[in-house]
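Asker: One structure coming up, written as structure tokens, with questions to follow.
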Amino acid sequence: MALLQLTDVEKTFGSGDRRTVAANRVTMAVGEGEIVGLVGESGSGKSTIANLVLGLQKPDSGTVSFAGRDVQDWLRRDQRGLRRQVQAVFQQPLLALDSRRVIGWSVAEPLVIHRIGDVDTRRARVLELLDHVGLSPEIAERLPHQLSGGQLQRVNIARALALEPRLLVCDEAVSALDVSVQAQVLNLLLELQERLGIAMLFISHDIAVVRHISDSMVVMYRGDIVERGDTDQVCGNPRSEHARVLIEASS
Ligand SMILES: Nc1ncnc2c1ncn2[C@@H]1O[C@H](COP(=O)(O)OP(=O)(O)O)[C@@H](O)[C@H]1O
Ligand SMILES: [Mg+2]
């Protein structure tokens, strides 16, 4: 059984002339400790998949299950239990952080919400998490606007790791960063995957970014999966026109 399994997932928005099929019977899986890339041009349905996995949206039909449990059902019964296991990092690093709070507070917040540890153990854990993502302890005292985009995204990763999730959903997590910083953050994610065995659904419109990090990839186009396979195989010998277009666009 895969850690994350989507089976025949369908999601449409609007109706009549405005009907958009954002996910058309999507079936895909992410195994324990595996990094699966999800790539496609803008509007192909990638964020819809992320939202369905996180339970932020409900499928019209089909199922999304995590560790063998239906995500919607799990959310209804035990939202915190699911949140401990599935965390996300999004494109805009500032959005998830409270601009008036120091970084240490934001990294500790998930621990506070989930009532893990006391003030002292949480403080120690925040420093450990900052260290995991390559940030020095002084960062804990800074405010978000004092940090660079790359540092902020490292903070978001630290925050996402605080609860020791089994799956990290990264939706365009490096897309707002400069190319050189992108590579650093991707390498950090790879290192974390190796060290912590955390699985990732890594989403980007840029196939070069997905290629850098993922073991296997899924290519979407207008709600459909048009290609899937081993990363090297898809990038080296794409079978679909859509994968070829993405490769040309990114190189
Ligand atoms: N809440 C929504 N209401 C209406 N249409 C939406 C909504 N969310 C997404 N869509 C549409 O669904 C399609 C897929 O969007 P999205 O999943 O955001 O794609 P991607 O992340 O690949 O850019 C797009 O055509 C988008 O306009
Ligand atoms: Mg998106």
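The values are calculated or read from the model by the stated rules, or taken from the named source; none is laboratory data. Computed from a predicted structure; not experimentally measured. In this analysis, Cβ positions are derived from the backbone assuming ideal geometry, glycine residues included, and neighbour counts consider all displayed protein chains. Surface accessibility is based on the protein's heavy atoms, side chains included, excluding ligands, DNA and RNA. Shrake-Rupley method; radii C 1.70, N 1.55, O 1.52, S 1.80 Å.
Asker: Using R₀ = 51 Å, calculate the FRET efficiency as 1/(1 + (r/R₀)^6) where r is the Cβ-Cβ separation of Leu94 and Asp17; round to 0.05. Display every interim value, and only then the final one.
Answerer: Values: r = 36 Å, r/R0 = 0.71.
With a Förster radius of 51 Å, E is 0.90.
Asker: Taking only protein heavy atoms and a 1.4 Å probe, what accessible area per residue, in Å², does the chain have with all protein chains in place? Write out the running numbers ahead of the final one.
Answerer: Numbers: 12030 Å² over 251 residues.
That works out to 48 Å² per residue.
Asker: Let me ask something additional. If each of Asp131 and Arg195 carries a label point 7 Å out from its Cα toward its Cβ, how far apart are those two points in nm?
Answerer: The modelled label-to-label distance comes out at 0.9 nm.
Asker: I've got another one for you. Provide the gained length on full extension for the span His145 to Ala183, in nm with one decimal, where the gain is 0.36 nm per separating residue minus the Cα-Cα distance. Please list the in-between numbers first.
Answerer: Values: separation 38, 0.36 × 38 = 13.68 nm, distance 2.23 nm.
Result for the pair: 11.4 nm of gain on full extension.
Asker: Between Asp230 and Arg244, with labels modelled 7 Å along Cα→Cβ, what's the label distance in nm to one decimal, could you check?
Answerer: 2.2 nm
Asker: First obtain the Kirkwood hydrodynamic radius of the chain from its Cα pairs, then insert it into the Stokes-Einstein equation at 25 °C and 0.890 mPa s, and state the resulting D in µm² per second as a whole number.
Answerer: On the way: Rh = 18.7 Å.
So the translational diffusion coefficient is about 131 µm²/s.
Asker: State whether segment 130-208 is rounded, prolate or oblate according to the following rule on the C-alpha gyration tensor (a ≥ b ≥ c being the square roots of its eigenvalues): a/c under 1.5 gives rounded; otherwise a/b larger than b/c gives prolate, and the remaining case gives oblate.
Answerer: Numbers: a/c = 1.85, a/b = 1.17, b/c = 1.58.
It is oblate, given that a/c is not under 1.5 and a/b is not larger than b/c.
Asker: Which whole-Hz ³J(HN,Hα) couplings does segment 220-233 yield from phi under the Karplus relation 6.51 cos²θ - 1.76 cosθ + 1.60, θ = phi - 60°, glycine and proline marked x?
Answerer: 10, 8, 6, x, 9, 7, 9, 6, 8, x, 4, 4, 5, 5
Asker: Follow-up. From the mean inverse distance of alpha carbon pairs (Kirkwood) and the Cα radius of gyration, derive Rg over Rh for segment 189-251. Intermediate results must be reported in sequence, preceding the final value.
Answerer: Details: Rg = 12.1 Å, Rh = 12.2 Å.
The Rg/Rh ratio comes out at 0.99.
Asker: Let me ask something else. Return the single residue from Ile113, Ile49, Ile213 with maximal mean-square fluctuation; model: Gaussian network over the chain, springs between Cα atoms under 10 Å.
Answerer: Comparing Ile113, Ile49, Ile213 in a Gaussian network model of the chain, the most mobile one is Ile113.
Asker: Further question on the same structure: Quick check: the distance between the Cα centres of segment 106-155 and segment 215-251, to the nearest angstrom?
Answerer: The distance from the Cα centre of segment 106-155 to that of segment 215-251 comes to 36 Å.
Asker: Need one value: the accessible area of Ser61 in square angstrom, 1.4 angstrom probe, rounded to the nearest 10.
Answerer: Result for Ser61: roughly 50 Å² accessible.
Asker: Another one. With springs only between Cα atoms under 10 Å, which of Ala183, Ala160, Ala124 fluctuates most in a Gaussian network model of the chain?
Answerer: Ala124
Asker: If you take the beta carbon distance between Val119 and Arg77 as r and set R0 to 30 Å, what does 1/(1 + (r/R0)^6) give as a FRET efficiency, to the nearest 0.05?
Answerer: FRET efficiency, Val119 to Arg77: 0.50.
Asker: Out of segment 192-236, which trypsin sites (Lys or Arg not before Pro) are coil in DSSP terms and have no more than 15 other C-beta atoms within 10 Å?
Answerer: Details: sites: Arg195, Arg211, Arg222, Arg228; in loops: Arg222.
Counting only loop positions with at most 15 other Cβ atoms within 10 Å, the trypsin sites (Lys or Arg not before Pro) in segment 192-236 are Arg222.
Asker: Where does segment 39-143 land on the Kirkwood hydrodynamic radius, alpha-carbon pairs, in angstrom? Can you show the working numbers first?
Answerer: Working: mean 1/r = 0.0622 Å⁻¹.
Every distinct Cα pair counted, the radius reaches 16.1 Å.
Asker: Once neighbouring chains are kept in place and the probe is 1.4 Å, which whole percent of the accessible area of the chain is contributed by carbon and sulfur? Intermediate values should be presented prior to the final figure.
Answerer: Working: 5530 of 12030 Å².
Percent of accessible area from carbon and sulfur atoms in the chain: 46.
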